Structures are given as structure tokens and as C-alpha cells.
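The next block holds one structure in the form of C-alpha cells; read it before the comments.
The values are calculated or read from the model by the stated rules, or taken from the named source; none is laboratory data. Just so it is clear, the model here is predicted, and its values are computed rather than measured. Ideal geometry is used to build each Cβ from the backbone, glycine not excepted, and the neighbour counts take in all protein chains shown. When the accessible area is computed, the model is the full protein with side chains, heavy atoms only, and any ligands, DNA or RNA have been set aside. Shrake-Rupley method; radii C 1.70, N 1.55, O 1.52, S 1.80 Å.
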4 protein chains.
Amino acid sequence: MAPSTTKQWTVTGTEKGFDGLEYGDVPVPKVGDSDVLVKINGASLNYRDLIIPQGLYPFPTKFPVAACSDGAGEVVEVGPRVTRFKPGDKVVTLFNQGHQFGAFHAAAGTTGLGGAVDGTLRQYGTFDESGLVHAPQNLNAIEASTLTCAGLTAWNALYGLKPLLPGQWVLVQGTGGVSLFGLQFAKAAGAKVIATSSSADKCEQLKKLGADHVINYREDTSWGATAKKLTPGEAGVDHVIEVGGAGTLEQSVEAIKFEGVISIIGFLGGAKPKVTALDALMHICTFRGVYVGPRSMLEDMCRSVEANDIHPVLDPKIFSLDQAKEAYQYMWDKKHFGKVAIKIE
Amino acid sequence: MAPSTTKQWTVTGTEKGFDGLEYGDVPVPKVGDSDVLVKINGASLNYRDLIIPQGLYPFPTKFPVAACSDGAGEVVEVGPRVTRFKPGDKVVTLFNQGHQFGAFHAAAGTTGLGGAVDGTLRQYGTFDESGLVHAPQNLNAIEASTLTCAGLTAWNALYGLKPLLPGQWVLVQGTGGVSLFGLQFAKAAGAKVIATSSSADKCEQLKKLGADHVINYREDTSWGATAKKLTPGEAGVDHVIEVGGAGTLEQSVEAIKFEGVISIIGFLGGAKPKVTALDALMHICTFRGVYVGPRSMLEDMCRSVEANDIHPVLDPKIFSLDQAKEAYQYMWDKKHFGKVAIKIE
Amino acid sequence: MAPSTTKQWTVTGTEKGFDGLEYGDVPVPKVGDSDVLVKINGASLNYRDLIIPQGLYPFPTKFPVAACSDGAGEVVEVGPRVTRFKPGDKVVTLFNQGHQFGAFHAAAGTTGLGGAVDGTLRQYGTFDESGLVHAPQNLNAIEASTLTCAGLTAWNALYGLKPLLPGQWVLVQGTGGVSLFGLQFAKAAGAKVIATSSSADKCEQLKKLGADHVINYREDTSWGATAKKLTPGEAGVDHVIEVGGAGTLEQSVEAIKFEGVISIIGFLGGAKPKVTALDALMHICTFRGVYVGPRSMLEDMCRSVEANDIHPVLDPKIFSLDQAKEAYQYMWDKKHFGKVAIKIE
Amino acid sequence: MAPSTTKQWTVTGTEKGFDGLEYGDVPVPKVGDSDVLVKINGASLNYRDLIIPQGLYPFPTKFPVAACSDGAGEVVEVGPRVTRFKPGDKVVTLFNQGHQFGAFHAAAGTTGLGGAVDGTLRQYGTFDESGLVHAPQNLNAIEASTLTCAGLTAWNALYGLKPLLPGQWVLVQGTGGVSLFGLQFAKAAGAKVIATSSSADKCEQLKKLGADHVINYREDTSWGATAKKLTPGEAGVDHVIEVGGAGTLEQSVEAIKFEGVISIIGFLGGAKPKVTALDALMHICTFRGVYVGPRSMLEDMCRSVEANDIHPVLDPKIFSLDQAKEAYQYMWDKKHFGKVAIKIE
């Protein structure tokens, strides 16, 4: 049985910055007919979690809101109409709770965990059963929590439009969460992977994760052309997971194969890119904006994570729930390699 | 039997502009093992044909070259290894002769009719049998000739990445060849179509061709938002056939549905668009460059043209072969509505 | 506001045959958090509804159960967590309430309306919002009610595995609900249709509905080969909607194109067919069992029904709710052409 | 340069059985415009090669014909219009030389190597360039030769209709060539594989090849249900590669997941199966006949073979060209595990 109160980090909306995160006890929500009460055991951070308290997130929010989208834990109690879960089941949260299948739509956009609806940075939470999926059995809760946003985004990039085939080539950039998942998913699926990074150390780690080729983008500023040369017939890569740092798009279009897909994921880089929509014609390729994904894909992805025993890359430093604000700062300072995760007891 | 010589328009490459087009008699080429000798009865012009003699075409060319990519006619003779055609068959040319199936590739780019290899502005020509398809039986040669480039481009836009479903919404811009084919193909396939144009007259013609809604873009400069409002739930259109006039992309991204596809076709408009690749993420949509298409699609398209008795829209003024240079000028002066075609006797 | 009781036809499960259908007043169910209370205005019958009271239905049932899967009406009230509907909205029921997207699965099989859960043969009913879709605006409730089972089955056959393309050929058999929808959907989508029937009269009606060719299967017992000859190059039809009468499969494999799909829908015919699974190899084709479909497809289908103003074919005799047992008998006696429908006041 | 004559095994068609195979010197064919002259270095046998000399092959043949479909070697000379190959390139043959893309069609059926047109059991042969693909660089010619028929058939089964996703489950039967390729391709693509065999020894070898589970079908006669129980949620396998031994289909339908695909490959087993086309509905699954595949798929497959360094399983006994008749007998006597291959010097 669940207690009546739960520790929770709340984005108050009244103060900008990480001081807008408030830690305290709140009542455990009531379990509605279709609800699942989850003891959350792990959460992880995404860049969007960092900018929500700063008021910079371009999607709908309501304040106060329990922070964070990514979470995993164990089912404690289920409402009378729940059919897919029972107490004891291990679960992972769906990012946009209302995005069940097919294309993203406006209504789904008002159901983002930790932004528009209460999220995962708490010990206990209730979720409509349609907002959860069964966790891969090979992962602990901390690992599983990273699948919600970064994992699903990478999967959607590779499978949401032109499904990756074994033997195709994928280019991933840097060592952010989506890029590392992209690398792992692509390797598990029999693809070849070229990864870029800024240091010999990180390049080494990327190789350990399975990258077939690594390029240090500081040493090789025309790494797009270099990537292309690595592919059979120098035809280019089939997929780029473009995380949007300054100047990366200019290289991505050099690397892409005719009719390949450049999945545009992030908006970290400040400056407006020089690459316009017309470059899709100049390079005969596709630019696709990817915004997480639906439950149907999360289920497909979990099946592959389990079947291939994929373990998400976690930063070695794991935070406890009361240290969450430090975790935000740690990630903001870019001290991490892999997902910044929080263990919730 | 074919005569030994044929009238032909040749792009000499020695002079820029339409004076680089030379009319004269040349020998009818020999019929190789896999060749089909075609009496060409119709040809039609595309914008790229106009810029090839001007030296502005961004794809491979070799000069001198028999002009034009679009042609249709009747098989006169076949080489000993030809299996798909026999004398008397009606045929249409494939734009990139080496683009048989799947994605565009560099080798296919060196086989563009009327650019890299001899084209259709002549009475007789030989083509490898893989560079021809059977013409739809409902069309005469002049009509059929328009399928090669504009028809196939429109089909590829609608079916090459995310196949159009009945009940979806398509936005086409203006009255160019690709746009009109897009309109006709979409209507035949049970989709809804919004078309834009600059005059009441043309809007009327677009309605006659089946457009469900027309928007005069001179009167309604925020026609992208207007188009979106016309769709169910104001969710936006599933497909835009973007022909790239100045400022159209800015409107297209306003009209597009989440995860819809903006097919980028033309590069008529001079100025660099403000819409960058990142807008694919901002609008959660896809920009796809479309460059004609493979034989497999041309065959699919011809089947639909025949089954739905689609008749390409021809400009009322039909030119004769010796008037071809006038036809070029007529199109250059934008006097046409529908395809500019040439009857070849 | 809804009244406290509703007229309802209940399958009691205590008596076999249509006498197992009981008419009476029952309380209107309470509106749960995610529930939608619907004033049902139309229902329609499927063969499976006829065999459920006879205890012959091979899928899960629970008795007593409100009869029928097919229904349409108007939203009266919504639970506090409902987001997709509001009072006044026109809705259609989803056959397997739990089949939301993707492949059919065992859990979905326990949510069949009018079999495993309460159905539509009543004035008022509540449904989880995920078990309803918006009705096409061009249909009245009686027409809309026919989409649930026959409509969606036909759509799934044409779009669920190898999506129908304009210009392809479809063969439909007889004048049952799925076949007529198959005919209408295929025509709206720009396909060619061959229909079979047993009388000149019905053949005439099929032509009026748009069939390009009709074959009287009593007069032409090798109608499979005849159908094949009608197709371009005598290559065969791309899709067969196989409703499983005696001996039809033997003809369907004669009609099918290489790599075409024979969608197996019904199990009306008694005898075991001679066509074995190995015939899929002998004819290099695909046999696919189709069992209605998910909500995602029902939404796609409704969009096409509305866009193409498709009106389901109703038998001219419309029954009232109190006459429902007579409607069952009427359909059992095969007196109908088109869907047998019930108007519910 | 090639010599003027080549050793060749010819199926004479005048005698039934392996005595209908004649070994001798024939002229090396002339190199036509689009031809590639290949020094064949390896060939391998398929069951269909064994029954062609026996007159039992159900597809078109012409006699005399150079035997065998499967071959790999090195380009010696190319015709003047060849664009995809140059001397020194390593190549693999395409089974149906005319099957370039899309669905199988009747014309492609008249171009089967070693049946309708001259095959690979010879030192030198010419092939139209469209009938060859580049060999994966990780294979020697003997290994590469096995891709033509067994490899491509397995690939088509997994990717030709419902493309295999990582994390899905595949069931393969026995240790024939197609089954072993299916196992290897599925594992390389991140799928789970259940394999069946008749002996502990072979089960051990299947495990070494990567099978996640093996079932000895002699010990477990209800292996279909056993396989289903191994899958997540006991939902069944997504793909079965059904090679058609007696009684296997009855088990395959027990193992298949709802909407899974049973690819029907072989027709080794004599008796007519009890499983009829209607069982596709009873089990809500798909039966698909698979007949090798087009060039487009052979290219996709070779890319994966190379990227994943897949080495086809060869029987340890490699025959020389003059021993080919013994190779036929060896395979006929079922003494092999893996492909029976012939080294051609």
C-alpha cells in the first residue's frame, strides 16, 4: 500500500531558474478508474527539463507541475478499469501521455509529463494506464527511466519515417542521450554507425559502445564529407540524427545519401542555420522534425531493448531525489556523459 | 521501317540561350541489342529544358545533345534482346534513364534525357528498353509525353515517401505542370485538394480540374493559415507540393499538419528562403526534396492515369517540331496554362 | 440530460436462437471518469450478431450482454477526464473497444461490443472515450452505424497490409456489407473494381455503385480466370476481398496477381476449402485473415468516407428498435441488399 | 582475357535424373553490348537444381541449359554499354535475371538461371549487367554464390512484406539453406530466433549460429505451442519461415502471433497440408508464398551481409567442378548441413 504523502519536486512557475524547483511533501493522488499508482524508482533528466523552470520551453506547460518526464518504477495499485497492468509490474512513462499512436497532434501536445501534466520527480504518482508501458525486463528502474524521452526520440528517428534496415549507415553526433541511444539501437539492428565527438576520450567511449567509425569534429571540421567517404561507394549515410549544434547541419547535408533522412532533434545551438528547406532539394534528401513519439513506438522500442539487452548509458554520478536540483545543475554545466539519472527511494 | 535520318533539335552547348538550339537532320541511331527505336509523336517542355541551353542546369549535361526529356510515341523496331516491347506499342520516356527503382543515385544522375543523354525533340530516337514504359491507353502521344517529368515528379511527391491515403488533404501551388498533376492525382485518389493561384480566372480553372478549395494568394497573403483552417479540426494539410516561389515556403509551413510532408520540387524563386531546416522541428513536419523518380513509379503512375482516365492539362497552343524554339520562348514568357507541348510528325 | 432507464436488447445467453434476445428497460449506466454517454440513434447488424445468440461465435462472449457492435449517435454527457468528445458530437463505435492501434491482440479480443462487452442495441450506452470515433459529417446515424464492423473490415483488407494504390484492381464477391464497402472504398481511391454476383439485378446495382466490371458467377463458374483476363496484361487483381462462400477461394486464386493479397473475411461457407496454405506459394500470393481493425484505421476510414461523401448501402427496409428481432430474422433469411439497419429513437 | 571455351555442366533434357547432366567444353558466349563476362569461381546447389534434371520443376525451363542458378565470380570483360561493373569486380548472380524490382511477374519467370536461361555451373558465363550485383566484400566466391537463391529467399521472407524489426521473434525450421540464412539475418537484425531440428547435434550447431532457443521437433511434437510459450506474453512469433515439411504448417499456425507472417518457401513435403487458406482467418495471420526475389532486395541483402560480416553456412565438403554430379547426389541423399558448394577453377 502507498503512503498518503509523497516527496515531490514541483516546478512552481513563480520563480525563474532552478530556484523555481521546490521540494516538499504532497498528497499521493487518488487512483481513478483507469489509473495506475506507481512507486517511481528512477527518473532521468532531459534538456527540456532544464529549460522548463526557466520558462523557455516552447510547448504547453501549467504550473505548478511535478517535474520531469522520464520515470520508471513499480505498479502499487490499479483502478478498477485497468486491464494492462497489475501490482508488481515494472513500468516506464510515456512522454506525451496522450500520444498513443500515429502522428503527433495538438491534443497530445497538452499532455507532456513534467510540463503540461504532473511528471516523475516524486516517489509516487498516478498515470492513466494508457500513459505507461511495461519496462524491458533487463533494466533496472534507473536505466529504464531514460527510455521515455531520449530513447523514444532516437527510435522514432530511425523507425518513424523510413525504417532503418540492417546494413544501412547511421551518423550520430556527440554524446547526448539521443545520440547514444541512436548508436545503440542502430548497432543492435545490424546497421553501421559513424559517431562524432570533440575529444579522443569520448571517441574511445563511442567505439566501446559499438561505433564503427568515430570522427573528432574539432580536428576534422569537414567531418560531413569524411563521413560520406566512409560509406560504400561514398554514397553517404542513410540516416543522420541531427542534434542541432552550431554548424552541424552544414555537415549533415554533406554526409547524407540521396533520399536519406536527417532527423532534426534538438535545438541546442543558438544561431539560425544556413541550411534552408531548399537544401532538401539540392541534396535530394529529407529533413524531418522528430518530437519524441507515440506509445506504439515505445512498446516496439522496449521489445528491442529487452531482446538485445541494451543498457542505456548512465552518467556514473547517480543523484538521490533530494539532490535533484544538483542534478539539474550538473547537467546544465555539461559535466555528464550519458543520461543524468536520479534514484528515488 | 524507319528512315535513315531524323529531324532533331540539338542543344549545341556552343551558344548560350535559345540560340543554342539547332534544328537539322541527323542519322537515326542504330538499334542495339537492348534498344527500342521509337517514332516520337509528342514532346513537352519543362523549366529545366529552358535552362539547359542557358547553361544553368545543376545536373550533368554533355553537349551536343538532343533536347528535351519528355516524349511519347510508337515502337518501330526492337533489338534482339528486347522483351518488354514490340513494334506498334505506345511508349513514354523515363526521365533519368538509369533510375530504375529505389532511391535516386549518382549514376542515375548521368542519364537524364535531354541533358546527359539524347532526348526526345526529334522524330526518331533509340532508347534502352529499360528507359521506356508502356503509355496509358487513354492518352494520345502529346498528352502522354507530359508524364515523363512533371507527372512523375508529382506522383513521387505523393507516393514516394508517405503514400497519400484517400481522405487526406493536399495543397498545390499555382498552375505549373507538377502542381496540376498533383491536383489531378490527388483527386483521383480520393484526397481533398486546396489549390492556390493569382487570378480569379486560374482559380476557376483549378476548380474545374477538381480542386475542393482555391485561394487567390494575391488577395490572401496569409494563405497558409487559411489553408490550415479549411482542414478537419484545422489540423493542417498532409501534403504540400512546394514549387518554391518567393515566400511560398513560409506559407507552406503554416499550412502543414504535424508530421505532414512538404515536397520541395522547384527552384524557380530566386531568393534564399527564410525557412531553415530547423523549421522541420518547429513545425514537426518533413521537408523532402523530390527529383523526378524511378521507372517503378512511372509504371505505377501510368496505371492510375489509365484507370482513372486522367488527361494531362495541355496549353491550348500546340507547337510543331519546327516551331520548338517558339515553344521554348512561349513558356519562358509564362504565357502558358498547363504543359507546353510539341506535336512531332 | 439522459433519462435513468433505457430500452435495450439483451442477449441473455440462457436460450439459444433469436429467442435468446430479450427486450426491456435497464438502467442507463453511470458515466465513469473516461466515459462518454451516447444517445444511440442507429445500429446495424452483422452476421456475427446473428450467431452470438445461437452460441456459435468463436470469440469471447459474456452473457447477459447488450446486443450488437455497430452503433452511432450523439454524445450526451462526458466524464471529467474525457478529452476527445463533448456533448453534441456525433460518434461511431469501435468494434473491439480495446483495439486501439497496431496488430490485433488477445486482450483486444475480450472487448468486442455486443459479445464480450455491452453493445449498441439500446437507446443509451456508455463507452470509454477510446472506444468511439467522430462520425463522418456527411452521414446520418443509421448510415454511420454500419462503419463499425463491415466498413472497417473492408478498409483493413485494402489498407492494413499492402495499401491499395490508385490504378490497382480489386475483386469483391457478392453483395454483403464488407464487399459493398470494399467496392465503394476502392472506387473512391481510384482503383478498378470487378464485382461478382448471382443475378442480373444485383449486377446492375453493383454497376450503379461504381463497379467497372461485373461477373454473374452462376453463369460463369470460372469467374476467377475471367476476372484475371479483364486486368491489364491479364496479370490478375491486386486485392481480393474473399468472403468465403463455397468454392470462392478456388476462383480467387485464379484471379489473383503475383504477390497480390487475398483478404479472408468471412466464414459463411460450410465446407472446408480445397485451397491450402501451400497455394500461397503455388500462386505466389498472400492469404491474410482480417478481423475488423483498430481505432487508428477507423479514424482513417471515416476521413475518407467524409472526404469522398461515401454513403453506405442500406437495405431499403429500416427497422425500429422494438422490431430488432424481426431485423435479425430478415437478415438471417437473406432478404437484404446492403446493411440491415435499425433506427433508434 | 577469357579463353574461347569453357567447361560446363549442361542439363540436356534428353535423359531424366542426374544422368541428364552432361559435362563438357562449350564456347564462351560473346559479350553483348550490355553483357558482363564473368569468371565463375563458386556455385552452390538448391533443391530446385536437383529436380530440374528430373523434369519436376514447376517453372519454365528450356533444354539444353547450363545448370544452376547460384554463382559468384569475377568480372573479366564488359560490353560497351555496361555501367555498373568493370573488370575485377566481384559479383553474384540474380536468380530470375528479369526480376529487377517490385512484385514477381510472369516475364521474370522466364528468366530463371539454370532453368530457363544458362546458369552458373561453368567456368565462364555472360550475364546482362542487370542480372548481377556486387558481391559483399567479406565473402569468398564460394560463400557468395549461396546468396542467389537461399539467401535472397530468406531475406524476402523477412523484409518483402512486413519488414522485420529488432526485438521481433522469428521461427525457422530445420537446417536447410533458407532456414539458416533466416536465422543469421534475423540475429544480425536484432531479432530473437527459435529454431527447430531433429537431433541434439544440429540443435547445438543452431545455437552456435545464434539461435536463442532450439526445439527438437522429434522430442516435442507440439513444438508450435512450445515456441509460442517462449515469446513475450506468449503472444507468438512474428515471422515463421515455413519450409513445408509434412505437418510443419499445423505447428506453424500454433506458433504464429496475431497478424504475424508465415512465409511459405518450399514444397519438399509430399502430402497436402491440412491447413487451409481459411486458417489465415482462424489464426488471424498471413500466409505468404515467397519465390526468391528481385535485384533491389539482393542489393539490400548484400549490404547487410557485408555490414554484419555474415558468412553463409557451407557444408564442410566442397566439390570441384568436375565432381558436380557427385555434389547433386550428396545433396539428394541429404548428407549435408549448410549449402552444398562447388569450387570452380
TODO: Those residues that are out of contact with any Lys or Arg (no Cβ under 8 Å at 6 or more places or on another chain), farther than 11 Å from A:Ala67 by Cα and part of a strand (DSSP E or B), I need them from the range A:1-21; list them, please.
DONE: A:Thr5
Task: Every residue from the range C:221-242 that is among the aliphatic types (A, V, I, L, M) and surrounded by fewer than 24 Cβ atoms within 10 Å (Cβ to Cβ) - done: C:Ala225, C:Leu230, C:Ala235
- [ ] Inspect all residues belonging to the range A:82-93 and state whether any of them is open to solvent by 30 Å² or more (accessible area, probe 1.4 Å) and either more than 14 Å from chain D (Cβ to nearest Cβ) or in contact (Cβ under 8 Å) with a residue 60 or more places away in the chain (or both).
- [x] yes
- [ ] Could you list, in sequence order, all residues of the range B:123-152 that are of a type outside the set (Asp, Glu), more than 20 Å from B:Ala307 (Cβ to Cβ) and open to solvent by 10 Å² or more (accessible area, probe 1.4 Å)?
- [x] B:Gln123, B:Tyr124, B:Thr126, B:Ser130, B:Ile142, B:Cys149
Task: Conditions (1) touching a Leu at 6+ places or on another chain (Cβ under 9 Å); (2) touching a residue at least 40 places away in the same chain (Cβ under 8 Å); (3) open to solvent by less than 10 Å² (accessible area, probe 1.4 Å): number failed by A:Thr175 - done: (3)
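Considering the range D:23-36 alone, what residues qualify as being out of contact with any helix residue (DSSP H, G or I) (no Cβ under 8 Å at 6 or more places or on another chain) and either in a loop (DSSP other than H, G, I, E, B) or buried (at least 24 other Cβ atoms within 10 Å of the Cβ) (or both)?
Within the range D:23-36, the subset out of contact with any helix residue (DSSP H, G or I) (no Cβ under 8 Å at 6 or more places or on another chain) is D:24-33.
Selection gives D:Val28, D:Pro29, D:Lys30, D:Val31, D:Gly32, D:Asp33.
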Open item on the list: As an exercise: evaluate D:Asp238 against (1) touching a residue at least 24 places away in the same chain (Cβ under 8 Å); (2) of a type outside the set (A, V, I, L, M, F, W, C); (3) in a helix (DSSP H, G or I) and give the number of the one condition it does not meet.
Closed with: (3)
- [ ] Determine whether B:Gln251 is within 26 Å of B:Val11 (Cβ to Cβ) and either in contact (Cβ under 8 Å) with a residue 24 or more places away in the chain or within 14 Å of chain C (Cβ to nearest Cβ) (or both).
- [x] no
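Using the structure shown, decide if C:Phe185 is surrounded by fewer than 21 Cβ atoms within 10 Å (Cβ to Cβ) and among the aromatic types (Phe, Trp, Tyr).
On the way: surrounded by fewer than 21 Cβ atoms within 10 Å (Cβ to Cβ): no; among the aromatic types (Phe, Trp, Tyr): yes.
Considered against the rule, which asks whether it is surrounded by fewer than 21 Cβ atoms within 10 Å (Cβ to Cβ) and among the aromatic types (Phe, Trp, Tyr), C:Phe185 comes out as no.
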Open item on the list: Of the conditions (1) within 14 Å of chain B (Cβ to nearest Cβ); (2) within 30 Å of C:Leu249 (Cβ to Cβ); (3) open to solvent by 30 Å² or more (accessible area, probe 1.4 Å), C:Trp155 satisfies every one except a single condition; which number is it?
Closed with: (3)
TODO: Search the range A:274-283 for residues being buried (at least 22 other Cβ atoms within 10 Å of the Cβ) and in contact with a helix residue (DSSP H, G or I) (Cβ under 7 Å, 6 or more places away or on another chain), and hand back the single one that is nearest to B:Val243 (Cα to Cα).
DONE: A:Ala277
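How about the range D:100-146: which of its residues are of a type in the set (A, V, I, L, M, F, W, C), closer than 26 Å to D:Arg81 by Cβ and either touching a Ser or Thr at 6+ places or on another chain (Cβ under 9 Å) or away from every other protein chain (no Cβ under 12 Å) (or both)? Full working, then the answer.
Step one: filter the range D:100-146 for residues of a type in the set (A, V, I, L, M, F, W, C), giving D:101, D:103-104, D:106-108, D:113, D:116-117, D:121, D:127, D:132-133, D:135, D:139, D:141-142, D:144.
Remaining after also requiring closer than 26 Å to D:Arg81 by Cβ: D:101, D:107-108, D:113, D:116-117, D:127, D:132-133, D:135, D:141, D:144.
Answer for the range D:100-146, where residues must be of a type in the set (A, V, I, L, M, F, W, C), closer than 26 Å to D:Arg81 by Cβ and either touching a Ser or Thr at 6+ places or on another chain (Cβ under 9 Å) or away from every other protein chain (no Cβ under 12 Å) (or both): D:Phe101, D:Ala107, D:Leu113, D:Ala116, D:Val117, D:Phe127, D:Leu132, D:Val133, D:Ala135, D:Ala141, D:Ala144.
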TODO: Take B:Val214 and decide whether it is within 23 Å of the chain's Cα centre (by Cα), open to solvent by 30 Å² or more (accessible area, probe 1.4 Å) and either under 16 Å from B:Ser263 (Cα atoms) or of a type in the set (A, V, I, L, M) (or both).
DONE: yes
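Scan the range B:115-140 residue by residue and report those that are of a type in the set (Val, Ile, Thr) and either assigned to a loop (DSSP other than H, G, I, E, B) or more than 17 Å from the chain's Cα centre (by Cα) (or both). So that I can check it myself, show each step before the final result.
So in the range B:115-140, the residues of a type in the set (Val, Ile, Thr) come out as B:117, B:120, B:126, B:133.
Residues satisfying the conditions are B:Val117, B:Thr120, B:Thr126.
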TODO: Return the residue satisfying two criteria in turn: it lies in the range A:259-273 and is crowded, with 18+ Cβ neighbours inside 10 Å and not β-branched (Val, Ile, Thr), and of such residues it is modelled with the lowest pLDDT.
DONE: A:Gly266
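Residues are listed down the side, and each one gets a yes or a no for (1) more than 14 Å from chain D (Cβ to nearest Cβ); (2) open to solvent by 30 Å² or more (accessible area, probe 1.4 Å):
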| residue | (1), (2) |
| --- | --- |
| A:Cys285 | yes, no |
| A:Arg288 | yes, no |
| A:Cys302 | no, no |
| A:Asn308 | no, yes |
| A:Lys325 | yes, yes |
| A:Asp333 | yes, yes |
- [ ] For residues that are buried (at least 18 other Cβ atoms within 10 Å of the Cβ) and either in a loop (DSSP other than H, G, I, E, B) or out of contact with any helix residue (DSSP H, G or I) (no Cβ under 9 Å at 6 or more places or on another chain) (or both), tally how many sit in the range D:94-104.
- [x] 7
Open item on the list: I'm checking my understanding of the structure. Among residues of the range C:290-300 that are within 14 Å of chain B (Cβ to nearest Cβ) and surrounded by fewer than 24 Cβ atoms within 10 Å (Cβ to Cβ), which one is nearest to C:Ala72 (Cα to Cα)?
Closed with: C:Glu299
TODO: Identify all residues within the range B:158-172 that are open to solvent by less than 10 Å² (accessible area, probe 1.4 Å) and not in a loop (DSSP other than H, G, I, E, B); write none if there are none.
DONE: B:Leu158, B:Val170, B:Leu171, B:Val172
Task: Breaking point among (1) open to solvent by less than 10 Å² (accessible area, probe 1.4 Å); (2) closer than 27 Å to A:Ile52 by Cα; (3) hydroxyl-bearing (Ser, Thr, Tyr), for A:Ser252 - done: (2)
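Being modelled with pLDDT of 95 or more and surrounded by 14 or more Cβ atoms within 10 Å (Cβ to Cβ) is the filter here, so list the residues in the range B:335-345 that pass it.
Taking the range B:335-345 and keeping what is modelled with pLDDT of 95 or more, we get B:339-345.
If the condition is that a residue be modelled with pLDDT of 95 or more and surrounded by 14 or more Cβ atoms within 10 Å (Cβ to Cβ), then B:Lys339, B:Val340, B:Ala341, B:Ile342, B:Lys343, B:Ile344 are the ones that fit.
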Open item on the list: As an exercise: evaluate B:Glu143 against (1) closer than 25 Å to A:Thr286 by Cβ; (2) touching a Pro at 6+ places or on another chain (Cβ under 9 Å); (3) outside any loop (DSSP other than H, G, I, E, B) and give the number of the one condition it does not meet.
Closed with: (1)
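For the range A:311-323, give me the residue count where each residue is in contact (Cβ under 8 Å) with a residue 40 or more places away in the chain, surrounded by 19 or more Cβ atoms within 10 Å (Cβ to Cβ) and more than 15 Å from the chain's Cα centre (by Cα).
1
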TODO: Considering each residue of the range B:33-55, count those that are small (Gly, Ala, Ser) and modelled with pLDDT under 95, and give that number.
DONE: 1
